[in-house]
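> Structure in structure tokens, see below.
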Amino acid sequence: MAYGDFQLEIYLAGTRGLLPRFPVDFAGMERRAAEALPPWVLSYVAGGAGDEHTQRANVAAFERWGLVPRMMRAARERDLSTDLFGIDLPHPLFLCPIGVLGICSQDLHGDLATARAAARTGVPMIASTLSQDPLEEVAKALGDTPGFFQLYTPTDRDLAVSLIQRAERAGFRALVVTLDTWVTGWRPRDLNTANFPQLRGYCLANYTSDEVFRSRLKSTDPAEAVGLFAQVFGHPVTWDDLGWMREATSLPIVLKGLSHPEDVRRAKDLGVDGIHCSNHGGRQANGGVPALQTLPGVVEAAGDTPVLFDSGVRSGTDVVKALALGAAAVGSGRPHAYALAVGGEDGVVHHLRSFLAEADLLMAVDGYPDLAALRAAGLTKVD
């Protein structure tokens with residue numbers, strides 16, 4: 001069955017008087033999430049750095065690129081398959097790491113619900129260091145669907161190595177090292193409400209379940225664990241750190257947050273297995289260039305090293321555009337957090353099927369049977 005057939009399910013259900021349980025569009029899901037989430041969680045998920053200009057620019061950047069349709073090319077069947085680090089994937093969509101995903105679901109176990117949704121749809125999940133449930137439980141919920149572990153590198157190297165090796169033992173297939181969050185950006189929404197969920201004790205399960213972390217504690221007081229987290233969170237990763245990271249694991253290493261071609265070339269020279277082009281969705285630094293604008297330069301510098309992309313992706317059409325600019329895989333961020341808030345596991349499944357259906361149908365209508373044809377055509381700037 002083609003991914004686009006999801007629309008037939010919806011239309012056929014409509015003939016029986018059944019409407020979709022959840023919106024198929026981002027705007028509709030965002031509105032529903034605003035009703036479902038507590039204001040402090042909604043603010044944290046929706047907010048960005050500064051006046052949120054970069055966050056808005058990420059989204060608007062997609063409007064400045066267009067795909068030129070090609071007709072009579074027999075795109076009846078589409079092949080959306082891709083490859084990451086030797087892992088064959090049926091499609092190029094993945095789930096971005098979100099550090100408060102766990103508290104976006106009504107039962108406060110959103111990481112597990114999202115992992116189960118990933119298992120049902122075959123969409124790889126990048127699991128965050130900051131989760132409500134230990135990484136081992138998230139990996140178990142993923143089943144056979146590939147999972148990648150995102151590392152916020154702590155200042156305590158023993159703890160960092162412990163987290164990395166736990167992820168490998170749990171079955172995660174790659175290590176994604178986030179580079180732009182060794183210190184949190186200036187976020188007025190959160191500052192005006194003095195809201196930092198981890199300092200309230202949320203999403204720290206990977207720390208409190210870690211033997212190295214627990215060995216640093218002197219009591220079972222949750223406040224002490226929060227205080228220790230605040231002390232160890234945030235090591236500014238340098239090129240020299242790649243050495244001990246490589247020694248700590250046999251997993252492919254992906255660097256998340258690279259946008260400059262020179263950084264990409266250096267990462268490639270040092271043997272990094274993947275590049276994740278992202279500006280953290282505009283959450284960490286304001287006043288920057290939209291991530292999509294940097295993507296072509298990153299792809300060119302990366303050569304045969306796969307490039308993952310996120311930031312500003314709000315639809316299956318956006319996924320197709322990023323793929324056309326050379327991304328090997330494209331991530332959903334805020335959209336799946338909202339879907340989780342609205343419908344839990346089923347909401348995330350619905351969201352992922354909607355993204356894949358829109359991407360598949362766009363390629364069908366515009367005459368692109370596979371990703372190779374899409375990338376060969378590229379995009380055209382819209383005046």
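The values are calculated or read from the model by the stated rules, or taken from the named source; none is laboratory data. Small disclaimer: the values here were computed from a predicted structure and weren't measured. In this analysis, Cβ positions are derived from the backbone assuming ideal geometry, glycine residues included, and neighbour counts consider all displayed protein chains. SASA here: full protein model, heavy atoms, side chains in, ligands and nucleic acids out. Shrake-Rupley method; radii C 1.70, N 1.55, O 1.52, S 1.80 Å.
> At 7 Å along Cα-to-Cβ for each site, give me the label-to-label distance between Thr184 and Val382 in nm.
3.5
> Between the range 100-115 and the range 233-312, how many Å separate their Cα centres?
After rounding, the separation between the Cα centres reads 27 Å.
> Taking +1 at the Cβ of each Lys and Arg and -1 at the Cβ of each Asp and Glu, which of Leu361, Ser311, Ala328 sits farthest along the dipole of the range 300-380 towards its positive end, judged by Cα position relative to the Cα centre?
Checking the options against the dipole of the range 300-380, the answer is Ser311.
> DSSP loop trypsin sites (Lys or Arg not before Pro) in the range 1-37 with at most 16 other Cβ atoms within 10 Å of their Cβ, which ones?
Working: sites: Arg16, Arg21, Arg31, Arg32; in loops: Arg16, Arg21.
Taking the range 1-37 and a limit of 16 other Cβ atoms within 10 Å, the loop trypsin sites (Lys or Arg not before Pro) found are Arg16, Arg21.
> HN-Hα J couplings of the range 52-67 from phi, Karplus 6.51/-1.76/1.60, θ = phi - 60°, integer Hz, Gly and Pro as x?
6, 4, 5, 4, 5, 5, 4, 6, 5, 4, 5, 6, 8, 10, x, 9
> To continue, here is another question. Ignoring ligands, DNA and RNA, please state the percent of accessible area on the range 87-214 from carbon and sulfur, probe 1.4 Å.
Values: 2340 of 4680 Å².
Reported share for carbon and sulfur atoms: 50 percent.
> Under 28 Å between alpha carbons, and skipping anything fewer than 8 positions from Lys140 in its own chain: which lysines qualify?
Once the sequence-local lysines are set aside, what remains near Lys140 is Lys256.
> Counting only the heavy atoms of the protein chains, how much of Tyr11 is accessible to a 1.4 Å probe, in Å² to the nearest 10?
150
> Binning at 5 Å from 0, report for the range 164-318 what percent of all alpha-carbon pair distances ends up in each bin.
Taking every Cα pair in the range 164-318, the percentages come to 1, 8, 14, 17, 18, 17, 13, 8, 3, 1, 0.
> Amide H neighbours of Phe94 under 5 Å, at least 5 residues apart or on other chains, H built in the peptide plane: list them.
Correct list: Val330, Gly331, Ser332.
> Helix 26-36 versus the longest principal axis of the chain: what angle, 0 to 90°, nearest 10, using Cα atoms?
40
> At 1.4 Å probe size, what's the solvent-accessible area of Val161? Round to the nearest 10 Å².
40
> Can you compute the charge dipole magnitude of the chain about its Cα centre, using +1 on each Lys and Arg Cβ and -1 on each Asp and Glu Cβ, nothing else charged? Give it in debye, rounded to the nearest 20. Please list the in-between numbers first.
Numbers: 35 positive and 45 negative charges, 109 e Å.
That gives a dipole near 520 debye.
> Over the range 175-314, calculate the relative contact order: mean separation of alpha carbon pairs under 8 Å at least 6 apart, over the residue count, as a percent. Working shown, then result.
On the way: 162 pairs, mean separation 38.4, N = 140.
RCO, the range 175-314: 27 percent.
> May I ask what percent, to the nearest 5, of DSSP beta bridges between residues of the chain are antiparallel? The partial results should precede the final answer.
Values: 5 of 28 bridges.
Of those bridges, close to 20 percent are antiparallel.
> So for Val68, Val298, what's the accessible-area order with a 1.4 Å probe, most first?
These residues rank, largest area first, as Val68, Val298.
> Also, I was wondering about something else. May I ask you to compute the full-extension gain from Asp88 to Asp304, defined as 0.36 nm times their residue separation minus their alpha-carbon distance, rounded to one decimal in nm?
Working: separation 216, 0.36 × 216 = 77.76 nm, distance 1.58 nm.
That pair, Asp88 and Asp304, stretches by 76.2 nm at full extension.
> Please give the length that would be gained between Arg266 and Asp240 if that part of the chain were fully extended, namely 0.36 nm times their separation in residues minus their C-alpha to C-alpha distance (nm, one decimal).
Details: separation 26, 0.36 × 26 = 9.36 nm, distance 1.18 nm.
In short, 8.2 nm is gained.
> Work out how much length Glu63 to Leu19 would gain on full extension: take 0.36 nm times their residue separation and subtract the Cα-Cα distance, in nm to one decimal.
On the way: separation 44, 0.36 × 44 = 15.84 nm, distance 2.97 nm.
Value of the extension gain: 12.9 nm.
> Using a 1.4 angstrom probe and counting only protein chains, how large is the accessible area of Arg265 in Å², to 10?
Surface open to solvent at Arg265 totals about 110 Å².
> Moving on to the next point. With the dipole of the range 98-221 worked out from charges on the C-beta (+1 for Lys and Arg, -1 for Asp and Glu) around the Cα centre, which of Gln106, Phe148, Thr181 lies farthest toward the positive end?
So the residue furthest toward the plus end is Thr181.
> Then there is this: Given a Förster distance of 22 angstrom, what is the FRET efficiency for Gln165 paired with Ser209, based on the Cβ-Cβ distance and rounded to 0.05?
Working: r = 14 Å, r/R0 = 0.62.
It comes out at approximately 0.95.
> Please give the charge dipole size of the range 206-331, origin at the Cα centre, charges +1 on K and R Cβ atoms and -1 on D and E Cβ atoms. Round to the nearest 20 debye. Working shown, then result.
Details: 11 positive and 15 negative charges, 56 e Å.
Around 260 debye, computed over the range 206-331.
> Below 19 Å, Cα to Cα, which lysines can Lys321 reach? Residues fewer than 8 away in the same chain don't count.
Cross-link targets: Lys381.
> Show that you can apply the helix-only estimate: for the chain, add -39,500 (n - 2.57) for every DSSP H stretch of four or more residues, divide by all residues, and state [θ] at 222 nm to the nearest 500. List each step's numbers first, then the result.
On the way: 17 runs with 174 residues, N = 383.
Estimated from H runs of four or more residues: -13500 deg cm²/dmol.
> Follow-up question, since we're still on this one. With every protein chain kept in place and ligands, DNA and RNA left out, what is the accessible area per residue of the range 89-195? Probe 1.4 Å, answer in Å². The partial results should precede the final answer.
Values: 3740 Å² over 107 residues.
Roughly 35 Å² per residue, with all protein chains present.
> Something else: So, with +1 on the Cβ of K and R and -1 on the Cβ of D and E, and no other charges, what is the size of the charge dipole of the range 283-363 about its Cα centre, to the nearest 20 debye?
Values: 5 positive and 8 negative charges, 52 e Å.
So the magnitude is around 240 debye.
> If you don't mind, another one. From the Cα trace of the chain, what convex hull volume per residue do you get, rounded to a whole Å³? Kindly include the intermediate steps, with their values, before the conclusion.
Numbers: hull volume 51.8 nm³, N = 383.
Output value, Cα hull per residue: 135 Å³.
> With the crude spin-label approximation of a point 7 Å out along Cα→Cβ, what separation in nm comes out for Arg200 versus Met72?
Simple spin-label model gives 6.1 nm for this pair.
> So, one more: Run the paramagnetic zone check for Val365: 7 angstrom along Cα to Cβ, then residues of the range 2-32 with backbone nitrogen under 16 Å.
3-8, 11, 24-26
> State, to one decimal in nm, how far the label point of Ser219 lies from the label point of Ser250, with both points 7 Å from Cα in the Cβ direction.
In this crude label model, Ser219 to Ser250 measures out at 4.4 nm.
> Let me ask something additional. Given a cut-off of under 8 Å on Cα pairs at least six residues apart, what relative contact order in percent is computed for the chain?
Values: 755 pairs, mean separation 109.9, N = 383.
The normalised contact order for the chain reaches 29 percent.
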